[in-house]
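Below is one structure, written out as structure tokens, with a few remarks after it.
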Amino acid sequence: MALLLGAVLLSAAGTARAQPLIAAAVKGDVAETDRLLKSGADMAARDVAGRTALLVATRANHVGVARLLIEAGADVNAKDSIEDSPYLLAGASGHVEILRLTLAHGADLKSLNRFGGTALIPACERGHVETVRLLLGTGIDINHVNRLGWTCLLEAVLLSDGGPRHVEIVGLLLAVGARLDIADRDGVTALEHARRKGQTEIVRLLETRR
């Protein structure tokens with residue numbers, strides 16, 4: 001019991017020491033982040049939701065703070081309680097500059113979010129064209145199927161309105177070999193979904209690649 005209490009107290013002390021760094025990351029305060037790092041602040045410490053200072057900075061797209069933390073050695077793959085990491089979150093959120101930094105500092109392309117998806121899948125769903133373009137140049141698995149039974153191509157059709165950004169994304173995916181024959185759990189392909197949703201331009205693109 002005494003050992004357990006001691007471990008809890010040590011953990012609480014570590015969290016308390018980390019709070020100024022996390023608070024600086026929340027505010028996007030580059031100068032304060034730099035000062036805290038130079039004074040030995042623990043970059044690996046987490047808040048009550050399991051988020052590191054880098055993950056907090058990524059969520060708010062505070063590029064300057066994220067750059068300082070990453071270049072100081074912060075873990076770009078450290079996940080929080082809902083399985084977000086700086087790399088995965090930057091991809092899903094379309095935060096291209098932070099994503100570039102994570103890719104340059106050891107981002108794990110095989111890491112998966114809480115839906116069992118790669119960083120590419122939500123980027124396609126949300127229409128983040130530049131993010132998709134960047135990730136497609138990394139060797140990421142473009143045909144990965146998440147826990148919902150969807151690939152990035154399926155999400156770009158199923159969860160979109162078929163507008164210009166998603167048309168461009170579908171074109172990018174097809175250009176690097178996204179498979180059209182992977183269907184969802186009901187056996188429906190991206191092409192059939194596009195037809196059902198009246199996504200004329202996406203239908204045209206998919207039909208030319210059959």
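The values are calculated or read from the model by the stated rules, or taken from the named source; none is laboratory data. Source: prediction; values computed, not measured. With ideal geometry, Cβ positions are generated from the backbone for all residues, glycine too; neighbour counts draw on all protein chains shown. Only protein heavy atoms, including side chains, enter the accessible area calculation; ligands, DNA and RNA are left aside. Shrake-Rupley method; radii C 1.70, N 1.55, O 1.52, S 1.80 Å.
Points to keep in mind about this one:
- Unique match (being among the hydrophobic types (A, V, I, L, M, F, W, C) and more than 25 Å from residue 27 (Cβ to Cβ)) among 135, 55: 135
- Residue 147 falls short on exactly one of the conditions (1) open to solvent by 20 Å² or more (accessible area, probe 1.4 Å); (2) in contact with a Gly (Cβ under 8 Å, 6 or more places away or on another chain); (3) part of a helix (DSSP H, G or I), and that condition is (3).
- Restricted to segment 1-110, the set of helices (runs of 4 or more DSSP H) holding at least 3 residues that are farther than 30 Å from residue 169 by Cα, open to solvent by less than 40 Å² (accessible area, probe 1.4 Å) and at pLDDT 95 or above comprises 2-27, 30-38.
- Residues located in segment 111-124, provided they are open to solvent by less than 10 Å² (accessible area, probe 1.4 Å) and assigned to a loop (DSSP other than H, G, I, E, B): 116, 117, 118, 119
- Pairs, first within 13 Å of residue 156 (Cβ to Cβ) in segment 116-138, second open to solvent by 50 Å² or more (accessible area, probe 1.4 Å) and not in a loop (DSSP other than H, G, I, E, B), C-beta under 6 Å, six or more apart: 127/165; 129/165; 129/168
- Residue, nearest to residue 139 (Cα to Cα), within segment 153-204, restricted to residues that are in a loop (DSSP other than H, G, I, E, B), open to solvent by less than 20 Å² (accessible area, probe 1.4 Å) and hydrophobic (A, V, I, L, M, F, W, C): 178
- Complete set of residues in segment 54-73 that are within 13 Å of residue 37 (Cβ to Cβ) and within 16 Å of the chain's Cα centre (by Cα): 54, 57, 66, 70
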